[in-house]
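Here's the structure, in C-alpha cells; my notes come after.
The values are calculated or read from the model by the stated rules, or taken from the named source; none is laboratory data. For clarity, every value in this text was computed on a predicted model and none was experimentally measured. Glycine gets a Cβ as well: all are built from the backbone with ideal geometry, and neighbour counts include every protein chain shown. When the accessible area is computed, the model is the full protein with side chains, heavy atoms only, and any ligands, DNA or RNA have been set aside. Shrake-Rupley method; radii C 1.70, N 1.55, O 1.52, S 1.80 Å.
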Amino acid sequence: MTEYGVILFYTTSSAMRAEKLLVAEGCSVKLIPVPRHLSSDCGVALRFNWQQQEKVKSVLDQAQVEVDAIHQL
Amino acid sequence: MIYLDNAATSWPKPPEVLKAMVDVLQHAGGNPGRSGHRLSIEAARVIYNAREDIARFFNIGDPSRVIFTSNATHAINLVLQGLLKPGDRVVTSSIEHNAVMRPLRSLEKQGLILHTVPCAPDGMLDMRSIAAAIDSHTRLVVLIHASNVMGTMLPVAEVAHLAHHAGALLLVDAAQTAGAVPIDMKAGRIDFLAFTGHKGLQGPPGIGGLVIGDHVDTSQVEPLMRGGTGSQSELELQPESLPDKFESGTPNIAGIAGLHAGIRWLMDRGIHIIREHELELTRNLINGLSSMPGIKVYGTSDLERRTAIISFTANNKEVSEIGLKLDDDYGILVRVGLHCAPAAHRTIGTFPGGTVRLAPGAFTTMDDVNKTIWAIEQIIAS
Ligand SMILES: Cc1ncc(COP(=O)(O)O)c(C=O)c1O
C-alpha cells in the first residue's frame, strides 16, 4: 500500500504553485481537501508519495514555497 | 461603426477572451480553493496560472504578489488607503486621473501632506521640479504612466530613481499603459503597479490588479477589506500571507480567465507589433488633424513618448457637438469632455470645456483613421 504525506500551506496560491512545480519535477501529487484531523482549515492541501519526501521538500525549498506543515498520513 | 474609445475600454475583445470566460464558468465552476473538490481546485488553478503569467508579463519573480482587484481604481485605493498615514508626505503630478486625486484629496483632509508637481502644457513632467519636491519626508510618489487625456507618457524609471534615493516608494497608475507598452517592473524599479484589465490588456471590465515589487515590505500596507480567503480559516484575524491578505471574498474568476486570455493574446501577437500599429494610426491622426484650420492637438510631439490617444479642440465647435455629430452622422465613437481628469485638463488649458479624444486600438485600421479624419473635416467645415 502506498504511504502518503500531506503538505499544508498558508494560501491556496502556494498550494497551486507547489503542485505545478512538483508535477514539472515528475513527482506524483494530488490536491485534496485539508484532512480534518490535521487542521480545521477549509482550503486545499497537497498529498504526495511519502517515499518522495526528500525530493518534494528540496523542490519546495529551492523555489521558496512557504509551507505551513508536512505530515505523514 | 468605428470605435475610437479604446482608452475608456477596449472593444472589440479578442474572441479568445470571450471563449475563456465561458469555458471557465462551464468547466471550472467551483469556488476557488474553498471547497477542495475538483471543480474548486480547477478554479484555483485557473487563477494561479493567471497570476503566474501576469507576474511574468510585468517581470516580477513572485506570483503571490499579483493581487486581483476589480479595476485600477481599486488597486490604487488599496495602496493609498493601506499605506498612508496622517502626516505622510506624498508627491504626485498635475495630470493624474481622479482615481488617484480623489483618494489623495480625501486623505489630505485627514492630515496627509500632498505636493503636486506641475506638468508642461504638453504633459511633460519637469524633472527639476519633481526632484526638488521629493524629499526625505516623502513616503510615496504616485505617477500616472501615461495621461488618459493626451497620451503623454511620464518617465517612471527616472522618477523611481529619485523616489528610492529619498527613501520613498513609487506607485504607478498603469491604467493606460498596461498592454499598450511593455512594462518591466524590475528594470523600472516600480514598487506598486496598478492596472486595469479592460483596456490595453484586452480583458473584460471588472477585473484589474495590483502588482507589488519583490522587495516591497507588505506588512506596512493594511488591506482595504477583510474577510474569507479559503485559507487559515481557524483564525479570525486577517492572514498576512500574500495574496490572501489583500484578496478577501470570492474572486471574479470569469474576469480573471478573460484577462489571462487577453494577456496571452497580446503575448502571442507581440506587444511591440501592436504598439507599432497603434503609433502608425496615431501619427496619421495627428498629421491629419494638425493640417486642419482651427484645430488644436494636445500632447507631446514625440511619438515614442505617447500612447494611442489624440485629444483635440476646434475653435468653432464645442467638443460635445463634434462628439455627437461623429456618432450620429458617421458612426464614429469617441469620448468628449474631461475624461475623469480635471487636473490634466487644467494643465493643458482645456478646463472646463474638455477635448475630443480619439483612442484607436489593436483592432483599428488605417481605413478607420482616414474616414475619421475626413468626417472631422466635414464637421468643422459645416
Ligand atoms: C489613467 C487612468 N487611471 C485610472 C483609471 C481607472 O481605471 P478603472 O476605471 O478601470 O478603475 C483610468 C481609466 O478610466 C485611467 O485612464
In degrees, nearest ten, helix B:271-290 long axis to first principal axis of chain B (Cα): 30 degrees
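Once you list every other residue whose beta carbon is under 12 Å from the beta carbon of B:Val156, what net charge do they have if Lys and Arg are +1 and Asp and Glu are -1? Could you put the intermediate results ahead of the total?
Details: positive: B:Arg189, B:Arg305; negative: B:Glu158, B:Asp173, B:Asp184, B:Asp191.
In short, -2.
Taking all protein chains in place and a 1.4 Å probe, what share, in percent, of the accessible surface of the protein assembly as shown do carbon and sulfur account for?
The C+S portion of the solvent-accessible surface of the protein assembly as shown is 51 percent.
Can you bin chain B into rounded, prolate or oblate? Criterion: square roots of the alpha carbon gyration tensor eigenvalues sorted a ≥ b ≥ c, rounded for a/c under 1.5, prolate for a/b above b/c, oblate for the rest. Please list the in-between numbers first.
On the way: a/c = 2.12, a/b = 1.31, b/c = 1.62.
Oblate, since a/c reaches 1.5 and b/c is not below a/b.
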Crossing angle, helix B:366-381 versus chain B [Cα axis fit, 0-90 degrees, rounded to tens]: 50 degrees
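Other chains near B:119-128: what is the mean number of their Cβ atoms within 10 Å of each residue's Cβ?
Numbers: counts 0, 0, 0, 0, 0, 0, 0, 0, 0, 0.
Shielding by partners across B:119-128 averages 0.
Which loop trypsin sites (Lys or Arg not before Pro) in region A:27-73, with loop taken from DSSP, have no more than 11 other Cβ atoms within 10 angstrom of their Cβ? The partial results should precede the final answer.
On the way: sites: A:Lys30, A:Arg36, A:Arg47, A:Lys55, A:Lys57; in loops: A:Arg36.
Passing both the DSSP loop test and the Cβ count: A:Arg36.
Structure shown: which of B:Lys19/B:Lys371; B:Lys296/B:Lys371; B:Lys109/B:Lys186 lie over 25 Å apart, alpha-carbon to alpha-carbon? Present the calculation step by step, with values, prior to reporting the outcome.
Details: B:Lys19/B:Lys371 32 Å; B:Lys296/B:Lys371 19 Å; B:Lys109/B:Lys186 34 Å.
With Cα atoms farther than 25 Å apart: B:Lys19/B:Lys371; B:Lys109/B:Lys186.
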GNM result for chain B, Cα springs below 10 Å: residue of B:Ala72, B:Ala174, B:Ala132 fluctuating most strongly: B:Ala132
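Please report the buried accessible area for the interface of B with A, total over both chains, probe 1.4 Å, in Å² to the nearest 100.
On the way: alone 15840 and 4700 Å², together 18950 Å².
So the buried area, both faces added, is about 1600 Å².
Give the accessible surface of chain B per residue, rounded to a whole number of Å², with probe radius 1.4 Å and ligands, DNA and RNA excluded.
On a per-residue basis, chain B sits at 39 Å².
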For B:Thr69, distant residues with modelled amide H under 5 Å away: B:Gly208, B:Gly209, B:Leu210
Centre separation in Å (Cα based) which lies between region B:337-382 and chain A: 55 Å
Helix B:253-269 vs. chain B, principal-axis angle (Cα, 0 to 90°, nearest 10): 60 degrees
